[in-house]
Amino acid sequence: MKAVMLMFDTLTRNHLAPYGGDAITPNFTRLAQESTQFDNFYVGSMPCMPARRELHTGRYNFLHRSWGPLEPFDFSAMQALHQHGIHTHMVTDHKHYWRDGGATYHTRYSTFEFIRGQEGDCWKGQVEKPHIHWQGNEDEETLRRRAGRMTQDLINRAAKPTQQEHFTHRTIGAGMEFLETNHQQDNWFLQIECFDPHEPFFVPEKYLAQYGCTAEEFDGWVPYYCGAPGGKEDDKARKFYQALMTMCDDYLGQVMDKLKALDLWDDTLFIVCTDHGFLLGEHDWWGKNIMPVYNEIANTPFFIRDPRSQTQGQRRSALAQTIDIPATLLEYFDVPRPPTMTGQPLRPAIERDDAIRDYALFGYFGGHINITDGEYVYMRCPREQDKAHLFEYTLMPTRIDSPFKLSELNNIRIHPGFDFTQGAQVMQIPASFGYLNPWRFGDKLFDVKHDPGQLQSLENSTLSSIYAQAMIPLMQQHDAPPELYTRFGLDSLNAEDDRLFAQQVNAEVAGYRCAHAGIGEALTFLMRNGADVSTLSHQAQPLEEADIYALIDRCFTDDKHRAMVYQTRLLLRTA
C-alpha cells in the first residue's frame with residue numbers, strides 16, 4: 001500500500017478552474033477528471049499549525065487552544081503509521097514546522113526534509129540589510145512587516161535567482177526524488193507540502209508573464225486586513241496570487257506525470273488538499289484571521305484518488321473536513337483509529353457520496369464557532385466582549401515563534417484534562433492575545449446554496465436556533481471546555497435572548513455612546529494609545545465613524561497618525 005498527499009498552503013478554490021475559477025490551472029482540471037472532487041470540504045481549525053494538528057490527531061483543535069505544537073498526549077496518525085511498519089516521509093518548505101509553535105510535528109514522521117527560505121525564514125545571514133523603497137502610501141502594517149520578515153525575505157530571494165532554486169521547485173523535486181528511490185517498495189506514505197501559494201507572492205517570471213505582469217511591479221506582500229493593498233494595486237495582487245496558483249498547477253502536473261511514469265498512478269492513494277483559503281478583496285477584506293470565516297477561507301478544494309474504488313471524474317456533495325484526512329489514511333493502511341479521533345474515513349463518500357457527518361464545526365480559537373451542513377453556514381459569536389470565559393489548555397505553552405510571555409503564566413491552574421489528554425493534567429491559561437474580537441461582527445447566517453458568495457446575511461431566528469442547538473452535541477463529542485457554553489450562550493439557548501443580543505448595537509465607552517460595537521472598540525484602542533477624549537463633545541447622538549477619524553486627526557501626526565488610521569479602519573469593520 002502506498003499513498004501520496006500533495007498539500008498547497010492557502011489554496012483558494014474559487015480561483016481554480018474545476019471550481020469555476022479563472023486562474024490558468026489545466027492540471028487541476030486534469031486531476032478532477034481522474035479523481036474524486038469534493039464540493040463541501042471544510043476546514044476545522046485555522047490557520048496553519050492548528051490545521052496541521054488536525055492532520056495528525058483527527059479532531060478539532062480550536063475549542064481548546066490557539067496555534068501550537070503537538071502535545072505530549074496527542075495521537076499522531078503519521079506516528080501510528082510509522083509504528084505499524086509504514087514508512088512516512090515529509091518534504092516541505094513550510095517554515096512553521098521549525099519554529100516554537102510547530103516544532104513537534106515533523107519528528108512524528110519516519111524521515112523528513114526541509115527546504116529553507118520561505119516567508120522571511122531566518123535562513124541566510126547578512127549583517128547589512130537591503131534597502132527597501134518606501135512608497136509613501138503604504139500603511140503601518142506594511143511598514144511593520146518590512147522591518148522584519150520582508151527584509152529577510154529579500155535576502156533569501158537573492159539566493160534563488162532562477163526557477164531551479166525556487167522553493168516550490170526544490171520541494172517538488174525532493175518529493176519526486178523520494179518517488180524515484182522508493183517506487184518499487186511497498187508500505188509508505190509521502191507528504192509533499194508546499195508553502196505556496198501563501199503570501200508573499202514570490203513568482204518566477206514564466207508564470208507572471210501569463211498574466212501580463214513582471215516581478216518588479218509588486219513585492220508580493222499583501223498587508224492584512226481591510227482595503228489592502230488598496231486601489232489600483234488590488235488587481236495586481238490578485239494576478240500575482242493567480243500566477244502562483246498556475247505555478248502550483250504546473251508542479252501538480254509534474255507529480256501526476258511522475259506517478260504515471262513510475263507505474264504508481266493506479267495503485268497509490270493520491271490526495272491534493274490545502275489548509276485554508278484566502279480573501280483577496282471579497283467582502284472588502286484581505287487575508288484571513290480577523291474577519292468572519294467566509295467560505296473563501298473555510299470551503300477548501302479537495303481531490304482524492306483511491307485506487308480501491310477507481311472512482312474518477314466524479315464530484316461529491318458529502319460534507320467532509322480536514323479531520324477526515326488522517327482517518328482516511330489510517331483506514332487505507334488498515335491501522336486502527338483511536339477513540340479520540342472524531343474524523344471519519346472518506347471511502348463511503350468517495351464511492352457512493354454517502355454522508356459521513358450531518359454537520360461540521362470550524363473556526364479560530366477565540367473567534368466565532370461556525371457550523372455548516374453544506375446548505376447553510378451559521379456563525380455564532382461570543383455573548384461577551386471580554387475573554388473571561390476563554391482559556392488555553394496545553395502542556396506546550398508556545399505561540400508561532402516564541403513561548404508564552406511570563407506574564408501569561410502568572411495565573412495558570414492545573415486542569416484534570418480531557419478525554420483526549422489520555423489521563424494527563426494540563427495547564428489552564430487565561431487567553432490574553434488581543435487581535436481577535438468576533439463580538440463586534442455579531443451572528444451571521446448564510447444560505448450558501450443560493451448565495452454562495454455569502455453576500456446577504458439572513459435574519460431567521462428559527463434557523464439560527466436550529467444550528468446553534470446542533471453545535472452542542474458536536475462540542476460535547478469533542479469534550480469542549482464547559483465555559484465555552486457560557487461564553488457562546490449555549491448553556492441556556494433562548495431565541496428571545498438571541499434576538500435581544502442582535503439588537504445590541506450601541507456601546508458605551510468612557511461615558512460616550514457609540515453607534516455600533518466597532519466604534520466602541522476603536523475608541524477604547526485610541527484611548528489606550530494616548531488619545532485625548534476630552535476633545536470629544538458630549539452630544540445627544542451616539543458617536544459615529546466620522547467622530548473617531550476626527551479624534552485621530554486632532555491627537556496624532558505622521559507615522560503614528562497613519563498607524564492609528566489603519567488600526568481604526570480594522571476595528572470599525574463589523575461585516
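Where nothing but the Cβ of Lys and Arg (+1) and of Asp and Glu (-1) is charged, how large is the charge dipole of segment 347-502 around its Cα centre, in debye to the nearest 20?
Details: 14 positive and 22 negative charges, 99 e Å.
My answer is approximately 480 debye.
Net charge dipole, segment 2-353: roughly 480 debye, given to the nearest 20, about the Cα centre with Cβ charges of +1 for Lys and Arg and -1 for Asp and Glu.
For the chain, the relative contact order comes to 20 percent (Cα pairs under 8 Å, sequence separation of at least 6).
Ordering Ala80, Pro307, Tyr211 by Cα displacement along the dipole of segment 2-353 toward the positive end leaves Ala80 in first place; charges were set at the Cβ atoms of Lys, Arg (+1) and Asp, Glu (-1).
With a/c under 1.5 counting as rounded, go ahead and sort segment 1-134 into rounded, prolate or oblate using the C-alpha gyration tensor (a ≥ b ≥ c being the square roots of the eigenvalues; past the cut-off, prolate if a/b is larger than b/c, else oblate). Numbers along the way, then the final one.
Numbers: a/c = 1.57, a/b = 1.04, b/c = 1.51.
Since a/c reaches 1.5 but b/c is at least a/b, the shape of segment 1-134 is classed as oblate.
How would you classify segment 505-549 from its alpha-carbon gyration tensor, with a ≥ b ≥ c the square roots of the eigenvalues: rounded for a/c under 1.5, else prolate if a/b is greater than b/c, otherwise oblate?
Working: a/c = 1.65, a/b = 1.22, b/c = 1.34.
Oblate shape, in that a/c is at least 1.5 and b/c is the bigger or equal ratio.
Of the beta bridges DSSP finds with both residues in the chain, what % are antiparallel, to the nearest 5?
On the way: 33 of 63 bridges.
Percent antiparallel among DSSP bridges in the chain is about 50.
The calculated FRET efficiency for the pair Ala495 and His283, based on their C-beta separation and a Förster distance of 25 Å, comes to about 0.35.
Taken one residue at a time, the phi angles of segment 217-224 give Karplus couplings (6.51, -1.76, 1.60, θ = phi - 60°) of 6, 7, 7, x, 8, 9, x, 5 Hz. Gly and Pro are set to x.
Below 8 Å between Cα atoms, with a sequence gap of 6+, how large is the relative contact order for segment 362-502 in percent?
Relative contact order, segment 362-502: 30 percent.
Rounded, prolate or oblate: which fits segment 220-370, taking a ≥ b ≥ c as square roots of the Cα gyration tensor eigenvalues, rounded meaning a/c under 1.5, else prolate when a/b beats b/c? Taking the square roots of the gyration eigenvalues as a ≥ b ≥ c, segment 220-370 is oblate.
Close amide H contacts of Tyr376 (hydrogens built in the peptide plane, cut-off under 5 Å, sequence separation of 5 or more or a different chain): Val448.
Note on Thr111/Asp334: beta-carbon distance plugged into 1/(1 + (r/R0)^6) with R0 of 25 Å gives a FRET efficiency of 0.70.
Using only DSSP helix segments of four residues or longer, with each worth -39500 (n - 2.57), what per-residue ellipticity at 222 nm results for the chain after dividing by its residue count and rounding to 500? It would help to have the intermediate numbers written out before the result.
Details: 17 runs with 176 residues, N = 575.
Result for the chain: -9000 deg cm²/dmol, rounded to the nearest 500.
Rounded to the nearest whole Hz, the Karplus-based 3J(HN,Hα) values (6.51 cos²θ - 1.76 cosθ + 1.60, θ = phi - 60°) of segment 312-319 follow the sequence 8, x, 10, 10, 10, 9, 4, 6, with x at glycine and proline. Annotation note: trypsin sites (Lys or Arg not before Pro) in segment 512-575 located in DSSP loop regions with a Cβ neighbour count of at most 12 within 10 Å are absent. Annotation: amide H-H contacts under 5 Å for Thr10 (H modelled 1.01 Å from N, sequence separation of 5 or more, or interchain): Asp275, His276. Near Ile369, the amide H atoms lying under 5 Å from its own belong to Arg380; only residues 5 or more places off or on other chains count, and H is placed 1.01 Å from N.
FYI, it's all coordinate maths here, none of it is from the lab. Owing to the predicted nature of the structure, the values given are computational and were not obtained by experimental measurement. Positions of Cβ are generated from backbone atoms using ideal geometry, with glycine treated the same way; all protein chains shown enter the neighbour counts.
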